[in-house]
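Please treat every number below as a calculation from the coordinates, not as lab data. Predicted, not measured: the structure shown is a model, and the values here were computed from it. So basically every Cβ, Gly included, is an ideal-geometry build from the backbone, and we count neighbours across all protein chains shown.
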Amino acid sequence: MSRRPTTLIATALAASLLVALGVASVSAGSQRALVAKITMTGDQEVVGTGPTPSCAPPALCGDEDAVGTAKVQIVPALDRVCIRIDWTGIDGAVWGAHIHGPADTTHAAGILVPLLMLTPGAADNLSGTDSLDVCVTDADADAIAANPSAYYLNVHSFPRFNPGAIRAQLSD
């Protein structure tokens with residue numbers, strides 16, 4: 001009895017397995033991590049969702065003298081979103097920071113990734129000059145990393161800028 005057919009079958013099976021594993025690892029690794037450094041300002045803020053927001057650029061909808069910077073890291077393979085936000089000059093008490101989307105620069109959208117969610121006007125709100133360093137697990141990490149310009153980060157304050165004080169798209 002010859003061992004040649006058995007060896008050929010075993011070799012073919014091993015090659016098929018290697019090809020399958022290679023394809024799986026390429027598809028799993030094809031979604032790269034996103035790192036974005038953005039600057040948020042009040043003149044990028046949009047108020048109101050839907051096809052016709054109640055306020056959108058070039059009108060000033062957010063806090064005109066506030067500014068913020070953020071480093072956003074999104075790792076789709078881990079469904080991980082990490083953000084370091086620093087802001088200054090925001091009027092009122094900061095109660096929220098979120099990634100919203102999908103939306104372009106002239107529209108607002110619902111909260112997709114809640115990063116900071118406090119009760120507006122409560123004692124635990126942050127000051128108008130502060131920072132936030134947070135990581136969350138979110139299943140939307142793939143979509144955000146694939147098309148970051150369709151998502152934005154903003155910071156909300158009470159009482160004047162509940163809809164948003166400063167904002168920037170993630171691809172800025």
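Brief remarks on what is shown
- Charge dipole magnitude, Cβ of K and R +1, D and E -1 - the stretch 32-169, Cα centre, debye nearest 20: 280
- Order of Trp95, Trp87 under a 10 Å beta carbon neighbour criterion, fewest first: Trp95, Trp87
- Proximity of backbone amide H atoms, modeled 1.01 Å from N, is registered between Gly89 and Thr129 at under 5 Å, excluding neighbours fewer than 5 places apart on the same chain.
- Whole-Hz ³J(HN,Hα) from phi, Karplus 6.51 cos²θ - 1.76 cosθ + 1.60, for the stretch 48-53, glycine and proline x: x, 9, x, x, 10, x
- Cα gyration tensor, the stretch 32-169 - rounded (a/c under 1.5), prolate or oblate: oblate
- With the highest mean first, a sort of the peptides 41-52, 61-72, 119-130, 96-107 on other beta-carbon atoms found within 10 angstrom per residue produces 61-72, 96-107, 41-52, 119-130.
- Full-stretch length increase - Cys55, Arg80 - with 0.36 nm per residue and alpha-carbon distance subtracted: 5.8 nm
- Between the amide H of His156 and those of Trp95, Gly96, Ala97, Ala165, distances stay under 5 Å, these residues lying 5 or more places away or on another chain, with hydrogens modeled in the peptide plane.
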